[in-house]
Each structure stands twice: as C-alpha cells, then as structure tokens.
Amino acid sequence: MKNAKKLLALVIALAMCLALGATAFADDASAEPLDLEALKELMTPEGYEDASWMVYDAALGEFYELLTAGQAETENLSLRYALLAQAEAKLDEQAVYEVTTNDGNRFAINSVIPHSDTSTTWGLDQYRLGYRMYADQLLTAEERNELLAAWGEAETEAEYYAFVNDWMEEKGYEFADSYRSGADAGPETWDVFATSRQMDEEFIAPTYASLVRYDGKNQIQPALAESWEVSEDGLTYTFHIREGAKWVDQQGREIADVTANDWVTGARHLADNSEALGYLYEPGYANIANWVEFITGEISDFSQVGVKAVDDYTLEYTLLDKTPYFLTMLGYGCFAPLNEEYYTSQGGTFGEGATSGDYGIDPSHIAYCGEFLIDNYTEGSVAHYVANPDYWDYENLNIHEINYTWYDSTDVMFGYNAAMKGDWVGCNLSTNTIVQAKQDKVEGSDESVFDVYAYISDADTTARQINYNLMRMAFANVSDDSKAVSPQTEEDAARTLAAMNNQDFRLAITFALDRAAYNAPISGEEMKSNSLSNTFVPGDFVQLTEDVTIDMGDGTEQTFPAGTFYGEIVQAQFEFDGFEAQAWDPEGNGGVGSSNSFDGWYKPEAAKAHWDSAVEALAAQGVEVSADSPIQIDLPYWSTNEIYTSRANIYKQSLEDVLGDGLVVNLIPCETLDDWYALNYYCSYGYECCYDIWDMSGWGPDYQDPTTYLNCYLPEYSGYLTMSSGIF
C-alpha cells in the first residue's frame, strides 16, 4: 500500500506456496519443454505476471526451493552456507546468466596506501574515504608489496597505521590530504533513502555516518553507536548512540544533535520510497519485525515496526528471526539516520501521499552528520567535498578533501593521463593504457611506468554478468522508440523466445564464449584471465566452521569438513550433477583455493553438444534451426566507446565461430552511455528490457551472507536481477 511497486513483503505468501509445492517446481522444470503457445498468449500487460511465473518456475524453481531452505536455516551457519551453495549450483546450471569478472585482479597504478581503509564491498564504507591514506605520489609495485606484508602482520588497524607513518617518513613521502578522481555522471538524487543506484550512493555516502563502520582490518568498529548488545535469543539489537554527534547543513551550521529517533525517521522515510532499498528490511534479509505489515497497510502505526527509539540515545531493532549477518548490513543507505526536523523543514512528509519536498534535490537540501560536506557541486563539471569539522571523529580523518571532476568516458586514455599528471590518485589499466605505460619512461630512469608502478589489484566481491532475456517484450528503447531498434521480425522474435527458454540453448551460448578474449579489451591481454570469476557468490565469501552433511540429490549424502569454502561446495554439486563447468580451483590463490583467475566456463565442445540438443528439442517444437533459418539474438553495446565496441565484436565472433551458421548475433549500437543504460539499468520491470543479451550488469554485496547475491533472483518483483531475465 505504501509502495507502488510490489516488494519482497510478498515473500511470506510466496514461501507458504513454496512450502506446499516446492517439489513440483523442480519436477515440472525438467519434465517437458515450456508451452510456448501458452506463454505467448500470456505475454500481454494483463497476463504478464502469470507469464513471468511460468518462465520462472521452469527455469528457477529448483533454485528457489534450495534458496528458501538455506534462508530458513539460521541456527547452523555452516549448514546454511552449504544449502545456499547448492542453490547457486542449480542457478548456475540453468544459465539464465553468465558470470564474467570481478572488478579487481587488474593492472593498476595508484598512490593509495593499501588496506589503509576497509576492503569490504558491502555497505558503503568504501565510498566514505575519510580514513583512507594516500601518498603524495604514485607508489611503486615494490613499495606496495612492503606495505601489504606489514598489513598482513599487523593485528590491529592502529598497529598498521603506526607502521605506515614510520614507513612514509623513512621513504621521504608526504601524506596527500585529498582524494582526486573522475566521474562520467552524477547522482539522480541526494536522498540516500530514495535510491538503490550505486552511482547515487557513491556521491552521498561521505555525507552521513552509520551506526558502525569497518576499519582497515575489516573489523566492525563503533561509529555513531558507541556500543551495542544482542539479546540471548538473537532477536533484539540495542545500540547506544554517541552523545555529542551533530547534524549540520551544507554550510556547517548546526541543526541538531544526532539521536536515536533519527534512525526511526530514516526508516519511516524509507517506507515511502518504492525504488529504494527497503527490501533489505524484509523477511529473508534484515527481518525487521512488522515491516511487511506496515508496508502493505496491515498496520498503520509505525511504532509497531521493529525500529524504536527507547530514549534519546538508545536505539532498538527487533527482528522476526535470527539474522546472523545483521551488523554487516548497517553501513548501507537504508540504515542511515535522518533528522526529522530538517526533513520536514524541506517539505518532507510521511505515509500515504508522502512527498520528500525539496529534501535531496541537491547538496544544499540535505543534512550532514558524516565525514564530509559538499561545498561545490556542478553537474557535469565538479563535485568538491571538504572535511566536516563537526564529524564525531574529525581528528582521526586522514583525508580532508574529495574532488571529482567530470571526464570524457569515450577517451580510453583519459584516466591514465590524469593519474600521470597527478590529477587523479590512480587508475586501472586497460589494453590501450598498458601499451602506453610500457612506452612511457619514469622520469630520470630508463624503466617504464608499467615496470615500476603497475601492480595487480585485489580481487573484489563484485560479480559482473551477461544476462539472458527469457521473455523479451521490448524491441526498441521504451523511452525513445527510435533507438536500439531490433532488426528481428515478429517470426524471428518468436523463434528467439523459444530458444531462450531452452536450457541447452542457453548453456550452448554460455559455454561458447571465450571469456578471456572478451575480457582482454578492459584488462589487457596479459591479465585477461586474471579477473575472471566462475561463481556468482565469490567462492571464498564464506567458509564452514564445522562439519556439515547434505543431500546432494537422490538421497546421496556428502560431508564437507570445517574450513570448506562456499565455492568448493558449488564445485562438488557440479560434479555430482555431471555439469561441465568448473567453479573452484583448489590450487588457486597460492594453494588456498579460488573461484577466480581461470576460465571454468569456456567449453567449446560442451557448447556444441548442448547446441545439438537444443536444435533437436526446438525442432520438436516446430522451430527449425539452420543457416537459412538461424536463431537471432540482439546484443546492444556502447558504440562510441572503443573498449565496449571491441567486446561486443569479440562476443559475436566467439559465439558464431563455435556454434556455426545456425546462430546470428545482431550488434545493436547505442551512441551514448545513457542510451545503453536505458535498455536495462534504468528499467524498473522486465518487460521494459530491450535485448536478448545484456552484458553490462553486475552485483556487489549488501551484507556478508550469500543471500545478498542469491536473493537477486527471487520472484514476484523481489529479486533485483530477476528483471534482467525479462520477468517480473
């Protein structure tokens, strides 16, 4: 009722349905092909939701069953992780997407002191920047290794900081007081409660502080909460708010003290924002008591929701179920504080017909309690931040200025040139810039910039994907029907629909892609395999702490000992199922094991075998596939960007070379980044997605539990990436 878009609030009803018919999902999915005629009849505005369920049940029913079982296990975390790893295996085997890379493991040059700030990528701490350390010049690869070794030996952040201070003095370096980088677009809103876009969050995060924060050793530390307790049953979290923390306006003028009620106000405002991250309060995520009931209108008194100010400096969250990862969620925007007095002064209201008024329209219409104030924001030009002298921990900030300048994102050399001039603190290196770095000499030396400064960045927890549209209904940009127009006829589209709903077809195109070649334009030829990922959830994201025995299928049990990584269990399920992909390399990461830095999915022979099976099955459905009647799939790409143009052509060549004349990949040019984003990233519903193949998707974690990834493929408008499959 409060939100226009259906939320995961419906998951309770869905879980009840699932409990009654979960086995039927899996059985029906494998019993016979999807009824295409019935599906096409339902692909109308009136039948869209039923059609979405039809496709979802067929492709993702077994995954949903295992995901629900994993979500329900809150007592034994090791068992939970094992069940969720099984769910991922079933999701991967269905090939509704293809995982490609993470955002690390690339050549880079930088002046950042490694691990001087958190390296976690859930929450928004990585964007707050104030505690990070930078040298006044680029660090050599050798120097970075010295610092990394010291970080590994240090037991605490303070111990590492002390080493860094001595090391910098010994080297004769100065600490930089500013962070300088580039932006190719700005935020759509400055209201952190009204967005789920990473670009918005990156700009907003430095302006407010959270209850807790991650330090440089990735340990949770007090922030606006000085301390907290958890009840014995794990359902009540009580936070003691730091007294003396202040709200100020853009000019630094004091507004009010930070109090416990600010988190209640934030939650109330969040409830009125359908496009934001309120789903993180729902069952299966944070499990905030009575959140669903309030959103749906079953209750109207927000005081019954499990977010309560006990007094001015005591905040209490009440949960429906044990949520062992709850503390790891608190750095995200949906758990931000909001000063009610300031919000209402901007015209903000709550409840039915709520409006934000002028709150969040620009940096002069938000209240600040974070590390930085924004003293200059000019869309398309600059975003300049200065340290907030009223920030509770101002004296310990290492950075006192942030400066983003807009740049031409079609110029592949821009970032490198900016880093070399000192205008940016650093940059990743692509194919073009690696070549330049090898040619450029370090001043006063015969050595190249590449040989001296280039290092391999850490693997991160981002999962980049290629998505497959299983129920395409848009054949031109829905916001401008003159753009991204498909060349497919109505008959072609019907044939593609049939193919995309055939698991063997999806596996054929998945196994046919040479992912290393496809990655090379971004990472460079030398590093083209290094940033490859082979699982959606990073294989080392979680690890068992005790022995666990699970049913792999058909009653066959397998025991995984304590210490087993998530990715090892995905691999074991692949092997049990006879699935060709490789999810885990036990020799990777120096023998620790890894799901990164190898291609476990490029299998041309497997691709051909699945292709033959798909062609046979499609023929039985009346869809003949041949050189004269090929299946056509549309891949939109950013045509004015050299890197993405190259990737699109590699994708086309790779699939057509392996699978032959029965497949044609149509490359659909998009002249601007916005035109490209409009086909998926800016969409709210699957029926707006205009592509068969989309290769600009990705996901980073919101908290430290595999469900932060896997819940992206929940049904009924609840999964953030389910839409990318053209459904819900």
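Testing Gly172 on (1) outside the structural domain of Thr323 (by TED's automatic domain parsing); (2) on the phi < 0 side of the Ramachandran plot, one condition comes back false. Which one is that?
(2)
Here's a check for you: in the range 77-124, which residue that is among the charged types (D, E, K, R) and not in a helix (DSSP H, G or I) is farthest from Asn530 (Cα to Cα)?
Among those residues, the one meeting the criterion is Asp117.
Report every pair of residues separated by at least 6 positions or lying on different chains whose Cβ atoms are under 9 Å apart, first residue within the range 476-494 and assigned by TED's automatic domain parsing to the domain that holds Cys670, second assigned to a loop (DSSP other than H, G, I, E, B) and polar (S, T, N, Q).
Note: pairs meeting the criteria are Ala476/Ser482; Ala476/Ser486; Lys483/Asn477; Ala484/Asn477; Val485/Asn477; Asp492/Ser486; Ala493/Ser486.
Quick check on this structure: which one of Leu320, Leu315, Leu397 is more than 28 Å from the chain's Cα centre (by Cα), under 23 Å from Trp122 (Cα atoms) and not assigned by TED's automatic domain parsing to the domain that holds Glu642?
Checking each option against the conditions leaves just Leu315.
Exactly one condition in (1) more than 24 Å from the chain's Cα centre (by Cα); (2) outside any loop (DSSP other than H, G, I, E, B); (3) buried (at least 18 other Cβ atoms within 10 Å of the Cβ) is not met by Lys483; state its number.
(2)
Scan the range 503-521 for residues that are surrounded by fewer than 23 Cβ atoms within 10 Å (Cβ to Cβ) and either outside any helix (DSSP H, G or I) or hydrophobic (A, V, I, L, M, F, W, C) (or both) and jot them down.
Asp514, Ala516, Ala517, Ala520
For every residue, the table says whether it meets (1) part of a helix (DSSP H, G or I); (2) under 27 Å from Cys427 (Cβ atoms); (3) of a type outside the set (A, V, I, L, M, F, W, C).
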| site | (1), (2), (3) |
| --- | --- |
| Glu526 | yes, yes, yes |
| Gln558 | no, no, yes |
| Glu580 | no, no, yes |
| Ala583 | no, no, no |
| Gly600 | no, no, yes |
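For the range 296-310, which positions are loosely packed, with under 13 Cβ neighbours inside 10 Å and farther than 26 Å from Gln71 by Cβ?
Across the range 296-310, the qualifying residues are Ser300, Asp301, Ser303, Val310.
Any chance the range 682-701 includes a residue that's more than 24 Å from the chain's Cα centre (by Cα), surrounded by 18 or more Cβ atoms within 10 Å (Cβ to Cβ), farther than 30 Å from Thr68 by Cα and touching a residue at least 40 places away in the same chain (Cβ under 8 Å)?
Within the range 682-701, not a single residue is more than 24 Å from the chain's Cα centre (by Cα), surrounded by 18 or more Cβ atoms within 10 Å (Cβ to Cβ), farther than 30 Å from Thr68 by Cα and touching a residue at least 40 places away in the same chain (Cβ under 8 Å).
Could you list, in sequence order, all residues of the range 386-405 that are closer than 17 Å to Ser178 by Cβ and aromatic (Phe, Trp, Tyr)?
Correct list: Tyr391, Tyr394, Tyr404.
Does the range 573-601 hold any residues that are hydrophobic (A, V, I, L, M, F, W, C) and under 13 Å from Glu93 (Cβ atoms), and which are they?
If the condition is that a residue be hydrophobic (A, V, I, L, M, F, W, C) and under 13 Å from Glu93 (Cβ atoms), then Phe574, Phe576, Phe579, Ala581, Ala583, Trp601 are the ones that fit.
For the range 641-728, which helices (runs of 4 or more DSSP H) that fit wholly inside it have 2 or more residues that are of a type outside the set (Asp, Glu) and over 30 Å from Arg213 (Cα atoms)? Lay out the reasoning, then the answer.
Working: elements: 642-659, 673-677, 707-710.
Where helices (runs of 4 or more DSSP H) fall fully within the range 641-728 and carry at least 2 residues being of a type outside the set (Asp, Glu) and over 30 Å from Arg213 (Cα atoms), they are 642-659, 673-677.
Out of Ala627, Ala606, report the one residue that is assigned to a loop (DSSP other than H, G, I, E, B), assigned by TED's automatic domain parsing to the domain that holds Ala494, closer than 24 Å to Ser654 by Cβ and in contact with an Asp or Glu (Cβ under 6 Å, 6 or more places away or on another chain).
Of Ala627, Ala606, the one residue that is assigned to a loop (DSSP other than H, G, I, E, B), assigned by TED's automatic domain parsing to the domain that holds Ala494, closer than 24 Å to Ser654 by Cβ and in contact with an Asp or Glu (Cβ under 6 Å, 6 or more places away or on another chain) is Ala627.
Out of (1) within 25 Å of Pro324 (Cβ to Cβ); (2) of a type outside the set (Phe, Trp, Tyr); (3) out of contact with any helix residue (DSSP H, G or I) (no Cβ under 8 Å at 6 or more places or on another chain), the odd one out for Asp257 is which?
(1)
Being touching a residue at least 24 places away in the same chain (Cβ under 8 Å), of a type in the set (Ser, Thr, Tyr) and assigned to a loop (DSSP other than H, G, I, E, B), is that true of even one residue in the range 213-230?
Within the range 213-230, none of the residues are touching a residue at least 24 places away in the same chain (Cβ under 8 Å), of a type in the set (Ser, Thr, Tyr) and assigned to a loop (DSSP other than H, G, I, E, B).
Suppose we keep only residues that are touching a strand residue (DSSP E or B) at 6+ places or on another chain (Cβ under 7 Å) and part of a helix (DSSP H, G or I) within the range 318-335. Which one would you say is surrounded by the most Cβ atoms within 10 Å (Cβ to Cβ)?
In this case the residue turns out to be Phe326.
Could you tell me whether the range 2-14 includes any residue that is surrounded by fewer than 17 Cβ atoms within 10 Å (Cβ to Cβ) and at pLDDT 50 or above?
Looking through the range 2-14, none of the residues is surrounded by fewer than 17 Cβ atoms within 10 Å (Cβ to Cβ) and at pLDDT 50 or above.
From Leu338, Leu315, grab the single residue that is surrounded by 18 or more Cβ atoms within 10 Å (Cβ to Cβ) and either part of a strand (DSSP E or B) or without any contact (Cβ under 8 Å) to a residue 40 or more places away in the chain (or both).
Only one candidate qualifies: Leu315.
Please work out which one of (1) over 26 Å from His240 (Cα atoms); (2) at pLDDT 95 or above is the condition Met413 fails and give its number.
(2)
Against the condition of a type in the set (Gly, Ala, Ser), part of a strand (DSSP E or B), without any contact (Cβ under 8 Å) to a residue 24 or more places away in the chain and surrounded by fewer than 22 Cβ atoms within 10 Å (Cβ to Cβ), how does Ser181 come out, does it pass?
It is false that Ser181 is of a type in the set (Gly, Ala, Ser), part of a strand (DSSP E or B), without any contact (Cβ under 8 Å) to a residue 24 or more places away in the chain and surrounded by fewer than 22 Cβ atoms within 10 Å (Cβ to Cβ).
The values are calculated or read from the model by the stated rules, or taken from the named source; none is laboratory data. Everything quoted here is computed from the prediction, not taken from an experiment. A quick note on method: Cβ atoms are made from the backbone with ideal geometry, for glycine too, and the neighbour counts reach across all protein chains shown.
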